[in-house]
Amino acid sequence: MNILLTNDDGYQSEGLRILSEALTRAGHQIWICAPASERSASSHSMTLRGEITITEYAPQRYHCSGTPADCILYASKGRIFPIQPDLVISGINHGYNISTDILYSGTVGAAREAALTGLHSMAVSCSRSKDGSFPFARAAAFVVDHLDEFYPMTSSECIININVPGEGNGKWKSGVLSYLEYHDAVETKQEQQTHYFDTSSVRFGTSVVLSLKGGIPPVQRCDTLDTDFQAVQQGYVSVTALSILPPVYAKVQKQLDALSQEACDG
C-alpha cells in the first residue's frame, strides 16, 4: 500500500519516525510530508495568503513550512508525489486526541483534510507511560496489525481515530466522543508589562504577557457512556469513526425548520 504520513509534531518527531519504520517493515511504500516545526493545536488551520515552502530532506520525505492541513492540501494540489496515496495516516501524535481534543488537534485536522480531498485517512495518538516515555512502538504495531480491518472503513466521509494509552491492557474497543473539562490556567507576567504607542487612538497603552499553564489531566464532564476517554482510562486502545461533516443539532434544527417554513408560507 502507498501510505502518506504527516503529523503536527514536526517532521523530526519520534512518533512519525517509528510509525514510518514499522509500516516500511510491513512492506508498505511510505511517503512523508510533515510540518517543518511543531504545529500542535492548529486544528484545520490553513495558509490561504502567502507562500508555502515544501522541502525534500530525504528520498520520499518532505517538510512543509505550513500547518498539518497545509501538508496535505499543498502536497496533493501541488503534485509533490508521483503517486496517489492509498491512505494518509496522521501521527503518531505525542499525546491523546480524544473527545473534544479533536476540535483543536492538528493531527486530526490533517486527516480530515485528506478525507476532504478524497483520500482514505486515519489519525493516531498516544499518551505517556508512567516512566514518561511514549508507547510509539506499541501504537505503530497496533496500526500495522489492524490496517486491513480499518482501511475499508475509511472514506471521504469518515476517518478512523486511534488513541493508545501509556499503560495498556492489550485490548481495544470502540468509543464515542464526550465533552472534556480542561484545567489549563492563564498566567500573567505582570513584571514584564511592555509600553507601546497606540497610533489609532493617539495614547499610551499597556500590554500584558499571558501564557497557558497546563499539566493537569482533563476529566469527562458529561454522562455519556462508552466514550474514547473512558476506554483509554481503562487501558484499552480506543478506536472511533469520526464524521467529516459535523452533525447538526437535531433539536434546534427542527425549530429552525419550523420557523423557516412559517417564513416561506407567509
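The values are calculated or read from the model by the stated rules, or taken from the named source; none is laboratory data. None of these values were measured; they are calculated from a predicted model. Virtual Cβ from ideal backbone geometry, glycine too; neighbours counted across all protein chains shown. When the accessible area is computed, the model is the full protein with side chains, heavy atoms only, and any ligands, DNA or RNA have been set aside. Shrake-Rupley method; radii C 1.70, N 1.55, O 1.52, S 1.80 Å.
Looking at SER65, is it polar (S, T, N, Q) and on the phi > 0 side of the Ramachandran plot?
no
Could you say which residue among ASN97, ASN93 is in a loop (DSSP other than H, G, I, E, B) and open to solvent by less than 50 Å² (accessible area, probe 1.4 Å)?
Testing whether each residue is in a loop (DSSP other than H, G, I, E, B) and open to solvent by less than 50 Å² (accessible area, probe 1.4 Å) leaves just ASN97.
Is there a residue in the range 26-34 that is touching a residue at least 60 places away in the same chain (Cβ under 8 Å) and within 25 Å of LEU212 (Cβ to Cβ)?
no
Could you check LEU103 against (1) open to solvent by less than 60 Å² (accessible area, probe 1.4 Å); (2) farther than 20 Å from PHE136 by Cβ; (3) in contact (Cβ under 8 Å) with a residue 40 or more places away in the chain; (4) aliphatic (A, V, I, L, M) and say which number it fails?
Every listed condition holds for LEU103 apart from (1).
Could you please find all residues in the range 106-124 being surrounded by fewer than 24 Cβ atoms within 10 Å (Cβ to Cβ) and polar (S, T, N, Q)?
THR117
Just one of the numbered conditions (1) open to solvent by 20 Å² or more (accessible area, probe 1.4 Å); (2) part of a helix (DSSP H, G or I); (3) within 16 Å of TYR236 (Cα to Cα) is not true of VAL143; which one?
It is condition (1) that VAL143 fails.
Among the numbered criteria (1) assigned to a loop (DSSP other than H, G, I, E, B); (2) open to solvent by less than 20 Å² (accessible area, probe 1.4 Å); (3) more than 19 Å from CYS158 (Cα to Cα); (4) touching a Gly at 6+ places or on another chain (Cβ under 9 Å), which single criterion is violated by GLY15?
(1)
Restricting the range 62-84 to residues that are of a type outside the set (Ser, Thr, Tyr), touching a helix residue (DSSP H, G or I) at 6+ places or on another chain (Cβ under 8 Å) and not in a strand (DSSP E or B), which is farthest from LEU23 (Cα to Cα)?
Only one residue fits best here, namely GLY66.
Filter the range 47-67 for residues that are open to solvent by 40 Å² or more (accessible area, probe 1.4 Å) and touching a residue at least 40 places away in the same chain (Cβ under 8 Å); which is farthest from the chain's Cα centre (by Cα)?
Here the answer is TYR57.
Please verify whether the range 125-138 includes one or more residues that are assigned to a helix (DSSP H, G or I), open to solvent by 10 Å² or more (accessible area, probe 1.4 Å) and not basic (Lys, Arg).
For the range 125-138, residues assigned to a helix (DSSP H, G or I), open to solvent by 10 Å² or more (accessible area, probe 1.4 Å) and not basic (Lys, Arg): present.
Would you tally the residues in the range 102-119 being under 8 Å from the mean Cα position of the chain (by Cα) and assigned to a helix (DSSP H, G or I)?
7
Being closer than 28 Å to SER156 by Cβ and open to solvent by less than 100 Å² (accessible area, probe 1.4 Å) is the filter here, so list the residues in the range 244-266 that pass it.
Result: ILE244, ALA250, VAL252, GLN253, LEU256, ASP257.
Which pairs turn up if I take residues in the range 238-266 that are touching a residue at least 12 places away in the same chain (Cβ under 8 Å) and look for partners that are β-branched (Val, Ile, Thr) and part of a strand (DSSP E or B) with beta carbon separation below 6 Å, at least 6 apart in sequence or on another chain?
VAL239/ILE162; LEU242/ILE159
Considering the range 128-164 alone, what residues qualify as being touching a helix residue (DSSP H, G or I) at 6+ places or on another chain (Cβ under 9 Å) and aliphatic (A, V, I, L, M)?
Hits for the range 128-164 are ALA137, ALA139, ALA140, ALA141, VAL143, VAL144, LEU147, ILE159, ILE160, ILE162, VAL164.
Listed here are the residues, each with its yes/no results for (1) among the aliphatic types (A, V, I, L, M); (2) modelled with pLDDT under 80.
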position: SER211; (1), (2): no, yes
position: ASP226; (1), (2): no, no
position: SER238; (1), (2): no, no
position: LEU242; (1), (2): yes, no
